[in-house]
Amino acid sequence: MNVRFLEAFVWVSRLGSFTAAAEALHTTQAGISSRIATLEEQLGVRLFERDRRRLKLTAQGSELLPHAERMIELQARVYESVGKGMAHAGMLRIGAIETVVHSWLPELLSRFAERYPRVTVDLVSDITPRLRDDLLRGAIDVALLTEEITPGFIENRRIGSYAMRWVTSPGLAQRLPAGRLRFADIAHLPIISFHRESSVYRNVAQSAADCPGTRVSFFSSMAAMIELARSGFGVAPLPLAVVERDVVAGRLAILDVAPAPAALPLVASVRLEPASPLAEAMVPLAIEASERYTAACTLPVIEARDGPAAGGR
């Protein structure tokens, strides 16, 4: 029995809500529902029943609760007495989108190595659809990507999000109209987009629906997108925190396009069956690394405005 299922059960019991438990555990309501459903299936009983306002424990749920609390406490004591980092050894297989690789992944891996010195890391960087497939077939243990994977034996944890803006070279920016722009003002330029399966492309395509002749180039490499934007090849929606150094150094210019690109969500997805304690241990470290990285960004953030979004991956 996975202790993570018991943890979800205890938090739902305490808070009386799947949504509140999801917030407390930094995951999604669907993820909590999946854990509870799996636990009920394993035990062969119903654990909750609904009244008008909140969930209530069934008789079987009330009987399980003290046992679940003791198991969670016992796990914490084992980690504390043995030493959580030294108690773990082996390999953790990580999949990460390039946006993460070029931002806070180095800090994450450094902190993980300090806490778990006996663990080796096998890292693959790819686009979200391929990482999703790798996780579902068991080729990796944890995926750092931009879209949640359908709940089941996969748990999705929200890491955070990146503010996105349209950027290009300073020279190309000077050739555009001054002041606030609409998508139609940049649609005649080459659009530098992530791959066709990404939400970046879907949102760009939505914005371009009323702009015939829009040219979109697709890339799976964010490094290539940044380099092309620097060169003046075209315009690209990119994360502010990732391009901050280029903007400050004058290699890239931010375009004030309304609506601003939608924020880029970041998700950590891990396998629940079979469970990987190392993957579960990495998630809170990833949340911390992401929050520190985005908090360090000094560029002004403009929220997405009305109209179709032009960003996201």
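What follows is calculated from the coordinates using simple rules that are stated; it is not laboratory data. For clarity, every value in this text was computed on a predicted model and none was experimentally measured. Cβ sites come from the backbone with ideal geometry, for glycine too, and all protein chains shown count toward neighbours.
Charge dipole of the stretch 164-258 (Cα centre as origin; +1 on each Lys and Arg Cβ, -1 on each Asp and Glu Cβ, all else neutral): 60 debye, rounded to the nearest 20.
Here the relative contact order of the chain, from alpha carbon pairs under 8 Å that lie six or more residues apart, stands at 21 percent.
First check a/c for the stretch 3-82, with a ≥ b ≥ c the square roots of the eigenvalues of its C-alpha gyration tensor; if it is under 1.5, answer rounded, and if not, answer prolate when a/b is larger than b/c or oblate otherwise. Judged from the Cα gyration tensor, the stretch 3-82 comes out prolate (a/c at least 1.5, a/b above b/c). Residues considered: ARG158, ARG70, ARG14. Largest GNM mean-square fluctuation over the chain, using C-alpha springs under 10 Å, is found at ARG70. Counting only DSSP H runs of at least 4 residues, each contributing -39500 (n - 2.57), and dividing by the residue count of the chain, the helix-based mean residue ellipticity at 222 nm comes to -13500 deg cm²/dmol. Antiparallel beta bridges, as assigned by DSSP with both residues in the chain, represent about 55 percent of the total such bridges.
Between SER34, LEU55, ALA24, the Cα set farthest toward the positive side of the dipole of the stretch 3-82 (charges on each charged residue's Cβ, about the Cα centre) is that of LEU55. Here the Karplus relation 6.51 cos²θ - 1.76 cosθ + 1.60, evaluated at θ = phi - 60°, turns the backbone of the stretch 206-220 into coupling constants of 5, 5, 7, 4, 9, 10, x, x, 4, 9, 10, 9, 10, 9, 8 Hz, with x for every Gly and Pro.
Rounded if a/c is under 1.5, else prolate if a/b beats b/c, else oblate: with a ≥ b ≥ c from the C-alpha gyration tensor eigenvalues square-rooted, which is the stretch 164-258?
oblate
Relative to the Cα centre, the charge distribution of the chain, modelled as +1 at Lys and Arg Cβ and -1 at Asp and Glu Cβ, gives a dipole magnitude of about 340 debye.
Working from Cα pairs under 8 Å separated by at least six residues, relative contact order for the stretch 3-82 is 32 percent. 3J(HN,Hα) couplings calculated from phi for the stretch 134-146 with the Karplus curve 6.51 cos²θ - 1.76 cosθ + 1.60 (θ = phi - 60°) are, in sequence order, 4, 5, 5, 8, x, 6, 10, 9, 8, 10, 9, 9, 10 Hz; Gly and Pro show x.
Each listed q (0.09, 0.12, 0.13 Å⁻¹) maps to a log10 I(q)/I(0) for the chain, found by the Debye formula over equal Cα scatterers with no solvent: -0.54, -0.86, -0.96.
Normalising the average separation of contacting C-alpha pairs (under 8 angstrom, six or more residues apart) by the number of residues puts the relative contact order of the stretch 119-217 at 19 percent. Look at where the Cα atoms of the stretch 121-198 and of the stretch 100-118 average out, and the two centres are 21 Å apart. Within the stretch 164-258, antiparallel bridges make up roughly 50 percent of the DSSP beta bridges whose residues both belong there.
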